[in-house]
Each structure stands twice: as C-alpha cells, then as structure tokens.
Amino acid sequence: MLMEESPEVHNEVLPKIVALLETSEVPFNICDELIHALLHALKISMNRETRLLIGNCIGKIGAIDPGKIGVAAVGDNTKIVDRRPVPLKFVDDLSDFFEEILEFCAKLLIECADASKVDFFAMTTQLILKELCSPDLDLVKESLEKNLKEETKHEIEPYKTSRFKFNLKDKPISSLQPYAEHSRRYDEWLWKWYFAASDKIRDCRLGRIFIAFQHIYYSDDYRIVQLMLPQVVLQGLIENNTSIINEACAEIFGVFKKSLSSDGWIRLAAQTCFQMIEIIEKFEVSRSMKTFGRTKNDERDRVQSFLKKVVGELREGTGELLCVAVAEKYNFACRALLWLEQYGIKVAQSGKVEFNRAAMYALERIYLQLGDTDGVLGAYETIQNHITASPQERVVAFEATGDHTEALPLYQQKPVQKVALVKCLLRLNQPLIAYNLAGSFAKEEEDEKIKYKLRDYQIEAAYRREEWQNLDEILKDTNEKSNQISSWGAHVASIFAGIHNKSKDVFIKRIKDARMQLMDSLKAVTMEGADTYSQAYRYIQRLHILYEIEDGAQSMKLFNPPVIQNCDKLVEKWDARSANAIQCSSILEPIYWVRRELLRFADPEKNKDKISHYLIESCKFSRHANHLSTSWAHLIHARSLGVEKDLEIDMEEARYFFQRGQKGEAICSLQKTLEKNFPQLVHKLKRCPKEKVSDAGKVAKDAADGAKLSFNQRKDFVKTQLLLTDFMEKSSASNITDIYLQYAFMSGLAENDENHAYSLALFYDNAYYSRNMEDSENVTTCLKLYARVLHLGRRYLLHVMPRMLTVWLDFAAVMHEKAQKPPAAKKGKKMVPAPLSHDSQKISDFMRAQFRDHRISKYFWFTAFPQLISRLCHPDQNVFKALEEVIADLLILYPHECLWQAIASYRADPQTDHLRYERTRQIFRTATGKTTSSELTVLIKNYNTFAGLLIELAEDGADDRGAPIGFFEDFNRKFHKFKDFFKNSNVKISIPFITMVEKKMPNFLASQISLPSNDDSTIYITGIEDKYKVFGSMEKPKLITMIGSNGVKYQMIAKKGDELRKDARVLDFCRMVNTLLLRDSEARRRQLHIRTYSVIPLQARGGLIEVVSNLIHLRVPFASTTNESETTRRWNQIKGDKAKRRKFFDECVEKNPVKMAEYLRLVN
C-alpha cells in the first residue's frame, strides 16, 4: 500500500505499521522491502504529519547495515535486490513519452480522494488523449495499446470522450528571474519556472501537452511538474530554443548560489536541478550509443554544451565547481564526486591528470564525507606533490585519520576557522573552552549564518559542561527569536535539557522538531533515485537515535514521578539494535553516547556497569578506526567510574597498548590482570611441567574446581589468557612450547569454547604440523584439533573443513609415494624393502569415523564437495575407500547438487582418464546400492543423458567454418532429442544455476554460518525455449534458454572444447571471498561483492556457463579504432630511433584518446 496507494492512504497505514513494529521483530528480508516502501512514501508525501510517522517507523526499524538487507545468500545473484531506477523515457520518443505521462495521470486519478481536485487531473488527461487522435500518431497508439497497464487503460477510458472545459487563470507568472530569489516556497518556485518554460515550447503538439499539465497547478499537487520540468528543458535543447536554455541556465545558477547562502525549501529546489541535470546527462548518454544523422548530432552537441555550462560553472572566489559545492553542502557526496571527476579534473588525451588545486581540495572533502580515508590521503598526497599544502588541506587529512589534536593548531591560524575550531574542541572533549570560544566568537561575528552555527555548538558545549542555567537561557533566546536549531548535536542537547527539567511537553516538541528536520533532509535524498538507502544512512542513524531517546525516556520513566527502573531488558534491546548497524566508530559512537547519557539520567551509580560497557564498546571501535587518542579518552572515563568488575577495561587497555606498538606493556598489563583476578590458575600454569602438556588441561580444571570458580569466571580467564597468548605469539615473547602449554592449559576450562578450539588448532597447524608434515603424530593431533572445532560449532566451517581434507589427503599421498620408493641399499648389505606404514590407514580410519559416526555433520562435508570429487584419483586405496563412502552418502542426501558437480567425472574418457572413469562409476554404484528405491539410478541415467545432449549441442557445427551464426527460433525442431527427453514426466533435472547447484551451501547471517532449510525448493527444467543463438567464435558456442518449473527462464551457454574445471574452482574461491566480505563491516558498508555465476563442466572439455546479462567484451572499452597491424608495422620500421618513436607514440596517443573513463561514464 505504501508503494501503490495515495498519500491519504499512507496516513491510515502508517500508524498500524508503527504499532506492529512496537510489538514484533521484523526479519531482514521484510525490513528491506519495508524501508524502501517508506522511503518511496516519503518521496511523494507533502504532509508534515505523514513525514513524522515515516520517520517514527524508520527509527523503530533502526539503522540496519545496508550490507545486511537486500542480500539473502552468498553467491545467490537472484537475491541481490536491484535498486537501480528504471530506464528513463525522453520527450523525443513519443511512444515512450505518452506511455509515461498517461501512466502518471492514471496514478493521480486513482490516488486522488478529493473530488474537488479530480477535475484538474481529468482535464489534463482529456487534453493529452485528444492529442492522440491525430492520424500521424497511429503507430504511437498501437504501441500504447500494447504496453499500457490494464488498470491505466481502464482509468483513462472515460476521458477519451469527455468534454471538460476549464480556463487557466491566475497563473503564477513572474518576469523576475531567477525565480528562486522571488519565491517563498518550493512549489511556488517550481510552478513559476514550469509555466514560464512550457509556454515557450515551439513544437505545437508538445507545447499543448506541456500546457495541459498546467491545469494540475490548481490541485496543489506538484509531483507531475517534478517529472515534466526536465522534459520541457530537454525539448528546449532539442529544438534549440535559446529562450528556454538561457532561462534554465540562469535558474540553475540562481538556485545553486542561493543554496550556498540559505537553507530550507531551497534544498529541494537544488535537488530538482540535480535531477534535471542527471536526466539530461542520461539523454546524452543514451543518444551517444546510437548512430544518427547530422541533425541529431547537432542536438547532442547542444546538450553537451549545456551540461558543460551548468556543471562547469565555477564558484566565485574559490575556483571550485558551483554544483559540486552545493552537492557537498547537502551531503550528496556520490553526485559531487561524479561531477568533480567528469568536469572538474581535466585529463589530457594521453591520460595524464592536469593538477587543479581547488578540485583536489574538493576531492579531499568529498572523500571525507564518504568515509574513504585512502581517498582523502591520496588527494592530499597529490596536492603535496605539486605544491605546499595549506592549513585547510592538512586539516582534512588529519580529520580523516582522526588526529584532531594535530588539527587544532591549524584551525587557529589566521584567518581563524571559528566554527571548525569550536567543533574540533568538542571532539577533543574540551567543552569548557568550546563554550567560551563560541560565545566570544558569536559576539563579534556579523554573519548571521555563522553566528547561528556557533550558537548551536555553544548549546552542545553547555550541555556537556552540565551548565543547565546557561543552556536554558540560550534555548529560551533561540525560541524567542524563532531561530531554528540546525546542528544535530544541539538538537540532542536541547532534548536532554527537556529531560533534565522534567518537562515532558518540551521534550516531545524538541523530539518532533529534530525528527522533522531530519525528514526534510531525507526527503531531498529520496529524490536521488538509485541506492537511496545507503545515501540516506546518516539520517536513518539519527532517526534510530531519536527513537532510542524517546523509548528510553519512557521505559526508564525519566519524567515525574521519578521511579528507579531495572534497565537490563532495555539494554538487551539496544544491543540487538546496534548489532544490526554498520559496525564502525562514526556510526555507533553517537548511539553509544546517547545510551550512556540516558543511563546517567536514570541512575548513574546503579547503571555504572552498563555505562562502562558502552564506553568500552566506544573505545573498541575508536581503536579499530585508529583514533587512538579518542580510544584512550574512553578508557580513562571508564576507569573513573570505579566499576567493581574491571576485567573488560583491563583487556581493552592491553589491546590499546598493543596497537600503539607498546607490546611489552600490553603483555605485562594482561599478566597483572590475570594475577589479580585468577591468582590460583596463574600459579598452577607457572608450575605446570612442559614435559606433560597433555596433563595441563586436567591441572587447570582441578585448580578451577578447588578455587570454586563459576562458569563465567572460567570463561573470563580463557578469554583473557587467549588474548595474552595471542599477543605473546605475535610479538615472539615466548617460545612455541610455552605457548602450546598455555593453549593446553586453557583447554581444561574451555571445553565448549569454539574460539579457543579454533585458536589452538590454528596455532598447532602453523607451529608444529607445517614444520613437519610427514610426522603422523603431528597430522593426527592437527586433525583432532580441527575436528574439535567442528564439533563445537560452524563459525569457522569454511576454513576448517577444507583444511582438514588437505592435511589428510596430502599426508596420505606423501606416505604412499614413500612406500612405493625402494629404500637405499647400505654398503655391503642387501636391499630390503621397507614395510608399508599403517599411519596413513589409521588417519583415513579417523576421518571415516568422523563422517560415519556423525561426529562432523555430513552437511559440513558437503560444503567441500568440489574438493572431495577432485581427489578421486588419490593413489592410496584406503583414502579412496573413505572418499567413496563420503561421496556416496552425499549423493543420496543432496542428489541434484552433487550430480551437477560430479557429472564431469562420471563422463570422463575411459581411454585417457581411465582411473577417474572407473572410480566415479564405482562410487555411483555404491550410492545406488545403499538406497532401496531406483530413484537415484534413474536420476544418474537422466543426468548423464542430458549432459550428453548438451555436449552434442555444443559440438554441432563447431568444426564447420561456414555454419550459420546469429539468432534462430527452431531449437526444438532442430534438436528434437531435447524435446523428446523432457516429454517424460519422470525426468527431473534441476536448473544448473549457481543458486540451484549450491542452494544448500552456507550463507552468512550475524557472523555465523547458517544451516540449509529442509524444504525442497528445487526448480526443475521443463524444456528448452525455441529461440537460441549461435556465437561467431571458433567453437560456435550456443546460447540456450531453459524453462524452469517455476515459469522463470534461465539462460546458459553450451560450450565445446574449453577446460572449465579450473573456471569452476576459481568461482568456488570467489564465493568463499564473498562470505568473508559479508563478515566484514567495512566491506558491507562499501557493498563489496564479487558477481559469481555457474560453471558446470560436463566432461574433460566442454560444459555449461551461466549467462550474466548486460555485459560486453573487455576489448570494447579498451580497444583502439585504428588499424593495429599498420601501427605495429610502422613502429617496427623506426626501431632504434628514440626521437622518431617518441613522435610516433605521441601521434598515436592523440589519435586514440582515453576510452575507459568515457565508457565508465556511459554505463554509470
């Protein structure tokens, strides 16, 4: 309803959503749809209360990490939600244009619940339909009849014969331009420009259509004008209407200049101008991809000239692009970056960047907004390499690295950066100095805008100093002068002042004011279109905070009468919400700070443990961001609270020292912490004999039992000792034996600790096994340690399972090779063959027991199926027997998934790859022998038959150079065996897409590997579509379309002759990388993801490749248009003459300008 219905309906729906969010937890996949529906509703809303309700909903949902919504499974491309906007339709294509405007008119008619406004929409629709009566638009009418939605046709049908009459009067016409300087509201400005521009259109038909939309002015709905105004300006460019073009340039410049000096509705006006420029850019790109005659090329030149003029305009006094400055002010960093790179940074034809100081400084600031530290430092280094950096340029670099102490003296250099200096002092936790400076600066400042900013920071500083009287006076003065607070920090301070004064009405009003200001900013961002959620995340984070303040104040009963509350459940709720947010300091620290303040208002003494907890969390994230001074400040604050259990503080302090490079101090700090909290265990560990490592765990357990340590105390000891051992290992502060003893000692207290088990296994692997891979005792211990990790959990499955198999299979191969070699004969003695070692057999038996006895879940083994099937030809017979048992059982459990991955081995050539051929068949016979039904036997036969048909298809015409290429529509007639094969209703072949072949593979959720569901959602092939394509390359691969049992069509390429097994393994690796990327908060924030696709080898050479749409050959954006053979010939002719070669090279560069940058711009 939020996506389809009118704003009036939204007002009814939103309160119900608020109530549901209050009582139930919403899963990520629903959150994804709900958030984007709410943002869509915000985009079209014009009512203040509606926006507040939307803000309340978003705040209740919380600031969910963009990487956690929209992607449901690793490697599952079908579940990556594409949020890109639909392709635009332009005024020069009448079929598309009429379709778009009629769809929108129908939507307005459907949504309108006010009878007094329907007539204006009806009049517009009637006039547009009247234009379609012209005989020269018959083809357009046919296209509309085919493409319009049925509900649209039904809605507009009555207006084909209606006879409404309405005269336009009281038009909002103004001769004063720019209109932005002479308007008081956004809708007033928008209609003034639209009326003026639409009246000037020369094309008679389009002029009448654009004028028809003027009737909607009287309905107070301006959404259609936001859509039509860019089309009016575009039509002005097409028909070379200098009046419209000059008016557009003047208006855009006027809006941008006013945006830099004002706030309020002008932000929406600036966003409308951004949108107009973007639409015209996309028009230019779409037309540049087509070949037109001279007239169309002239149009394109005019469009390019217009874009260069409006985007390339420089800001007075700075030399930076005006549009970039506005985009930067309103936090549209991606748009600012795009325009700066395209129009602000000049690149010579040779590809060399021309240095532009203003552009590089702007680049620094934009990268800072994007949180890209590397980008900031790169731009700063570029400036430094060409010229001495200014204090402002250095400040940005220091801010990016979080070094505010170094930045402070630069702010104080003349001319003093007053606002930035006060802000820096607040970041350095110097509110007293910030308060005094802000007050003195404000008194002498003449610029009202700067004065208001200083006042906002003074409010924040007064709150931090707890100078309640001064804070109330400033807020009272602000209310009397009706000067709205604009700083987020000042908003939060004013809200907390309401809590301190126990004034619930004031508190609610200030919450509403803050939320409304955020929603105004958020509404402007929704007009961006693509990837709205990521660009709006900073505002969503603040809505998250406002909800927690509101909810926390209510839950803790912070207003009269004062009641002491237990905050445990509230803290649990908070922690669950923050766990879903982007895990970085800039996002979580403001959230943690607000929570600390709420807890302090409730009862600072009773809640000091919880306050300390959030201080330690802040310290951790600051340290991860390498903001060590901030991290230390949080540590000092936590220490000052005097909490009884300070183990977490001690551990975080040790991490801080270690990261600073004070490794010895970190180790000493942890040793003292252990001695203070666990003296008996430390004493026993020191006296534990190194010769009896195997007994260390029992010694630890007995000591803990004697000291009567609780489960949590034992857990705390293991966590602290694990950190100490890790530090000692990394800094080489102890030998391997001592470190191993420490791990063994901890094992007696950490029987069910997955992290400890993994750390111990990893240490043993690196310290012992890797140094002597042929020692059976080392191998056995290593495998047992890794097996223990999988017994305890699945967090490390994707590393542990493949590693176990590698250790086992490699050891067995080495032992077999040694057994086959005759021993060297000693002098004077006969050569006696060495007896075969039983070590390999014992280890193989151990691995079989892990599988057979379900000690390691069979699903875990399935995750490594490609590795298992690739080692079928292992030389050791015992190993093969173990592999046979494992693979046979997996075939029974996951038949379709395993058959697609094993079919190439099953179809191996019996002549050239006899061993693989025989062993695969033996395994398949074993699998079918274990089942009572014949289903698996039939399934294997069907998969083999289908694979054979696909190879026949791939080989068809491959050796015939004269074979036809291109698209054909007779697949089932020419390749009738496929049709006959799928006629059999018993044939069940799953779709070979990666989502089907690996649907059981693990996906990522909350830093844990999730198990597959038991439901059978297999999609089967029901046939092949008639339309197919033969490519023109040497092997003549075929593009076919498989029809799924769900009705969806899946495109695959059948290819002959290629060795696809290596491709498949590379993609396995890429899918594992995707899992790791999703575990990393920074990678999720940047939405890093490798696009994977299915590669199914069907035999040694040849197989299927999944089609990824919208791709081109890599050669296209890179290749030169000149004759390469002629260039090479001339180059070789002037061999040895450096001067001539240089001249020839420069000529080549001039003829072949940089192409990749242009390509990236076109596809953006």
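The values are calculated or read from the model by the stated rules, or taken from the named source; none is laboratory data. Fair warning: this is a prediction, and the values are worked out from it, not measured in the lab. Here the Cβ positions follow ideal geometry from the backbone for every residue, glycine too, while neighbour counts run over all protein chains shown. Heads up: the accessible areas ignore ligands, DNA and RNA and are worked out on the full protein's heavy atoms, side chains in. Shrake-Rupley method; radii C 1.70, N 1.55, O 1.52, S 1.80 Å.
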Cβ-placed point charges (K, R +1; D, E -1), dipole of segment 622-750 about Cα centre in debye, nearest 20:
140 debye
May I ask you to order 681-693, 913-925 by the average number of other C-beta atoms within 10 Å around their residues, highest value first?
913-925, 681-693
Segment residue 173-residue 858, length gained on full extension (0.36 nm per residue, minus Cα span)
239.1 nm
If each of residue 502 and residue 932 carries a label point 7 Å out from its Cα toward its Cβ, how far apart are those two points in nm?
7.7 nm
Report the Cα centroid-to-centroid distance between segment 406-454 and segment 497-560 in angstrom, as an integer.
26 Å
In segment 578-643, which GluC sites (Glu not before Pro) fall in coil by DSSP and have 15 or fewer other Cβ atoms within 10 Å?
605
Using 25 Å as the Cα-Cα cut-off, could you pick out the over-long pairs in 418/504; 257/523; 68/784; 453/557; 608/715; 117/258?
418/504; 68/784; 453/557; 117/258
Treating cross-link reach as a plain straight distance, find the aspartates and glutamates whose alpha-carbon is under 13 Å from the alpha-carbon of residue 663, omitting any fewer than eight places away in the same chain.
653, 726, 729
Rotationally averaged projected area of segment 212-254 (alpha carbon convex hull; nm²):
3.5 nm²
If every Lys and Arg gets +1 and every Asp and Glu gets -1 at its Cβ, then about the Cα centre the chain yields a dipole, in debye to the nearest 20, of 2920 debye
Candidate residues 640, 1094, 870: accessible-area rank, largest first, probe 1.4 Å
640, 870, 1094
Straight-line reach only, C-alpha to C-alpha below 28 angstrom: list the lysines that residue 930 could link to, leaving out same-chain residues fewer than 8 apart.
842, 858, 881, 941, 988, 999, 1000
How big is the accessible area of residue 746 in square angstrom, nearest 10, if you roll a 1.4 angstrom probe over the protein chains?
0 Å²
Mind scanning 89/149; 169/200; 676/719; 701/730; 979/1027 and naming the pairs with a C-alpha gap bigger than 20 Å?
701/730
Helical segments meeting 27 Å axial Cα length and Kyte-Doolittle -0.5 threshold in the chain (DSSP H)
242-261, 266-288, 504-526, 797-820, 935-955, 1061-1079
Please give every one of the lysines within straight-line cross-link reach of residue 1143, meaning a C-alpha to C-alpha distance under 26 Å, and leave out same-chain neighbours fewer than 8 residues apart.
346, 352, 1135, 1151, 1155
Regarding the chain, what whole-number volume in Å³ per residue does the convex hull of its Cα atoms give?
263 Å³
Counting only protein chains, not ligands or nucleic acids, how are 105, 1148 ordered by accessible area (probe 1.4 Å), most first?
1148, 105
Give the distance, in whole Å, between the Cα centre of segment 1077-1107 and the Cα centre of segment 760-826.
29 Å
Nearest 0.05, what FRET efficiency do residue 1088 and residue 357 give at R0 = 35 Å with Cβ-Cβ as r?
0.65
When a/c is below 1.5 the answer is rounded, else prolate if a/b is larger than b/c, else oblate, so apply that to segment 164-242 with a ≥ b ≥ c taken from the square roots of the Cα gyration tensor eigenvalues.
oblate
Accessible area per residue of segment 140-293 at 1.4 Å probe, in Å²?
44 Å²
Projected onto the charge dipole of the chain (unit charges on the beta-carbon of Lys, Arg, Asp and Glu, signs +1, +1, -1, -1), the Cα from 850, 614, 122 with the largest positive-side position is that of 850
Quick calc, segment 146-298, dipole around Cα centre from Cβ unit charges on Lys, Arg (+) and Asp, Glu (-), nearest 20 debye, gives 460 debye
State the percentage of accessible surface on the chain attributable to carbon and sulfur atoms; use a 1.4 Å probe and exclude ligands, DNA and RNA.
51 percent
